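Here is the structure we will look at, set down as structure tokens.
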């Protein structure tokens with residue numbers, strides 16, 4: 001039989017007082033401790049809360065019955081999938097394009113080039129919004145069109161965020177066809193670049209999607225810390241060398257962090 005938080009409160013052998021409200025408050029505190037520590041045992045939680053172990057044990061059983069907590073082995077508990085199901089409803093109400101728009105416009109105005117917001121769709125990169133700087137030159141309009149994940153700066157950001165197994169699956173499924181003469185078609189070379197992306201926090205391309213077009217992108221993260229999008233700046237190679245432009249990488253990263261925080265991301269201390 002499932003145990004509810006109300007059952008914990010009503011248990012005559014328990015030491016919870018003050019009705020269901022206190023039980024709910026304590027249950028939320030337990031969840032916050034599990035979120036902060038990753039996993040914790042009954043004794044550890046009880047000591048942090050100053051509550052008897054039997055009370056915490058009953059609370060954890062109640063949370064486990066509702067899918068909010070689950071055993072992680074060796075007497076410890078971690079957050080359950082029920083938390084994930086609740087959290088997944090939040091991004092649905094947050095509009096990534098709306099949150100990113102001010103940053104896109106500010107970057108385009110300051111650096112004078114095209115700034116794009118991209119998401120991953122069916123393993124392809126799709127630009128869903130863009131802002132133009134005063135120096136923007138006419139190039140192919142990629143808005144809403146699927147672009148190869150291995151040939152764009154945003155795509156490299158997504159690839160770098162995947163596990164090795166998932167990256168294998170994606171690249172084996174899609175292949176790495178040449179789009180231009182500069183497109184990277186060597187898996188070994190791409191993997192070396194992705195390792196650098198993971199370390200530096202940004203990705204670049206040089207003529208790999210369009211001849212004479214350079215780009216740089218940073219990841220956008222959501223409340224689960226996973227990469228949910230990318231912001232890129234691109235411009236003609238004769239004037240746009242992102243790694244040589246003073247302040248550009250730092251400001252692009254800062255814009256990415258701000259958008260991520262607006263989408264619920266909280267960076268680790």
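Just so it is clear, none of the values below were taken in a lab; they were calculated from the coordinates. Just so it is clear, the structure is predicted and the values come from calculations on it, not from any experiment. Cβ placement follows ideal geometry from the backbone for every residue including glycine, while neighbour counts extend to all protein chains displayed.
Quick look at the numbers
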read-out	value
Stretch gain in nm, segment residue 29-residue 81, where the contour uses 0.36 nm per residue and the Cα spacing is subtracted	17.0 nm
Nearest-ten-degree value, helix 53-65 long axis tilted from longest Cα axis of the chain	50
Sites residue 47 and residue 95 - FRET efficiency at Förster radius 45 Å, r taken between beta-carbons, to 0.05	0.60
Relative packing of 208-215, 245-252, which averages over residues the other C-beta atoms within 10 Å, highest first	208-215, 245-252
Structure-derived semi-axes √(5λ) of the Cα gyration tensor in Å - corresponding label in (1) 47, 19, 15; (2) 29, 19, 19; (3) 33, 26, 19	(1)
